[in-house]
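Below is one structure, written out as structure tokens, with a few remarks after it.
The values are calculated or read from the model by the stated rules, or taken from the named source; none is laboratory data. The model shown is predicted, which means the values in this text are computed figures rather than measured ones. Quick reminder, even Gly has a Cβ in these numbers, built from the backbone with ideal geometry, and neighbours come from all protein chains shown.
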Amino acid sequence: MFPFQTAVAQSEQQTPVVVDPEAATSPSLEPEDDPIDGTAQSVSRSVTPMLAPVPFKNTQLGWGLMLMGGLVHRFDSDPTVKPSTGMLGGFYTENGSWGIMAVESAKLGGDKWRLRVLLSHPEIRYDFYGIGQAAGDAGQSIGLQQNMNMVVGAALRRVVHGFYLGVTSIYMDASVALRDTAGLGGVLPVPVPTDTARTALFAWGLQGEADTRNDDYWPVHGAFAQLRAFFFTDGVLGGSRTFQRYRLSGAWYTPVRGKQLVLASNVIVCGAKGGAPFWTLCAIGAGRGGLRGYTQGRYRDSVQTTLQTELRYHSSGRFGAVAFGGFGQVAPTVGDIFKSEALFAGGLGVRYQLTNKYGMHMRFDYSWGRDGDLFYFGVGEAF
């Protein structure tokens with residue numbers, strides 16, 4: 001967040017209130033990405049304004065800036081419960097991509113209920129490499145422009161402490177077009193995907209979350225897991241495709257030497273079944289917890305897995321460092337994933353804590369994969 005002072009709102013007691021930016025530091029077409037998960041700490045003030053300029057570096061979009069503004073507020077009077085958050089935001093990147101969004105993440109009944117609503121309109125310019133491992137290995141791409149209107153809603157009920165279960169739904173209206181082909185001599189290195197016509201999608205789904213982390217920003221122990229299943233249906237609310245999309249993600253944290261040295265691990269399993277458009281397929285490097293070291297979307301297919309581990313060190317001051325490694329795989333079927341090539345990656349990173357009280361960090365990561373090196377910049381940990 002830049003400048004640092006504007007990333008933090010203040011309560012009447014001058015206690016910092018920081019809204020989780022992890023899913024907002026890099027624009028994504030991933031339907032699983034929650035724009036915000038709420039705030040890191042509870043506050044006593046009923047309404048607290050906030051403004052958060054968030055710079056980021058995306059492997060497809062380049063450098064960009066996201067500006068988020070909103071209100072931290074309450075639907076109940078219990079000051080020990082994390083408050084709700086409403087936000088408006090927009091982003092712009094160096095390759096001409098931009099987008100706007102509005103979101104509400106509400107906590108009701110003493111946090112027994114969690115309601116989330118997102119409305120967004122992104123216009124993204126990115127490179128399409130094709131589908132499958134062989135297409136990613138070839139490294140040839142064409143430029144696409146994708147415009148989208150998206151509405152997402154979810155209602156979760158606390159079943160037991162730290163575990164929520166509920167329903168979700170999503171509507172997407174998207175169009176994809178080929179960008180400038182000058183200099184290609186009329187021969188495209190990658191076939192234009194068939195899903196370029198305007199497409200409307202509607203899905204209902206199931207969602208479960210388990211969270212035993214001791215901290216939202218720099219967990220020392222505990223785990224966070226999320227499962228989402230979307231069932232896209234033809235003929236309902238304008239939907240034109242029938243397919244399913246599943247995503248399971250989990251992260252767990254183990255203290256090696258207290259808060260100073262922590263081992264964090266992350267696993268993602270994603271699958272799309274049926275007539276899924278190419279841009280809803282699973283891709284390495286995309287979404288929260290994506291594998292660092294590969295361009296987002298270069299390797300995409302119906303099934304994708306990712307496993308990462310990261311050793312996190314924090315000094316007694318504001319600085320920290322990380323070393324990470326992992327691998328990802330893509331395949332057309334579940335059975336083929338066990339035969340697909342593992343794409344390994346690793347890297348090093350530096351952390352700078354933005355506030356003294358809370359462990360939210362600006363991160364600089366340098367990662368190398370089989371196809372080259374990549375630099376990442378954002379706010380919040382990778383997972």
In the stretch 327-349, what count of residues is obtained for those that are closer than 17 Å to residue 133 by Cβ and under 21 Å from the mean Cα position of the chain (by Cα)? 7
Any residue at all in the stretch 319-337 that is modelled with pLDDT of 95 or more, among the small types (Gly, Ala, Ser), out of contact with any Asp or Glu (no Cβ under 9 Å at 6 or more places or on another chain) and exposed (fewer than 15 other Cβ atoms within 10 Å of the Cβ)? yes
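Closer than 16 Å to residue 276 by Cα and within 21 Å of the chain's Cα centre (by Cα) - does that describe any residue in the stretch 205-217?
Here is the first cut: in the stretch 205-217, the ones closer than 16 Å to residue 276 by Cα are 205.
If we keep only those that are within 21 Å of the chain's Cα centre (by Cα) as well, we get 205.
Scanning the stretch 205-217 turns up at least one residue that is closer than 16 Å to residue 276 by Cα and within 21 Å of the chain's Cα centre (by Cα).
Being of a type outside the set (A, V, I, L, M), part of a loop (DSSP other than H, G, I, E, B), at pLDDT below 75 and exposed (fewer than 15 other Cβ atoms within 10 Å of the Cβ) narrows it down to one of 12, 30, so name that one. Before you say what the answer is, go through the steps one by one.
Details: 30 fails: exposed (fewer than 15 other Cβ atoms within 10 Å of the Cβ).
Within the list 12, 30, the selection yields 12.
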Using beta carbons and a limit of 7 Å, which pairs, at least six apart or on different chains, have the first residue in the stretch 79-98 and at positive phi and the second one surrounded by fewer than 21 Cβ atoms within 10 Å (Cβ to Cβ) and assigned to a strand (DSSP E or B)? 96/125
Subset of the stretch 264-279, residues assigned to a strand (DSSP E or B) and farther than 18 Å from residue 345 by Cβ, comes to 271, 272, 273, 274
When the stretch 68-87 is examined, which residues are found to be buried (at least 17 other Cβ atoms within 10 Å of the Cβ) and of a type in the set (Ser, Thr, Tyr)? 84, 85
Considering the stretch 212-237 alone, what residues qualify as being under 11 Å from residue 262 (Cβ atoms) and of a type in the set (A, V, I, L, M, F, W, C)? 218, 220
With the checklist (1) closer than 26 Å to residue 128 by Cα; (2) surrounded by fewer than 18 Cβ atoms within 10 Å (Cβ to Cβ) in hand, flag the one item residue 230 doesn't pass. (2)
Hits in the stretch 296-315 - residues which are among the hydroxyl-bearing types (Ser, Thr, Tyr) and under 18 Å from residue 363 (Cα atoms): 309, 313, 315
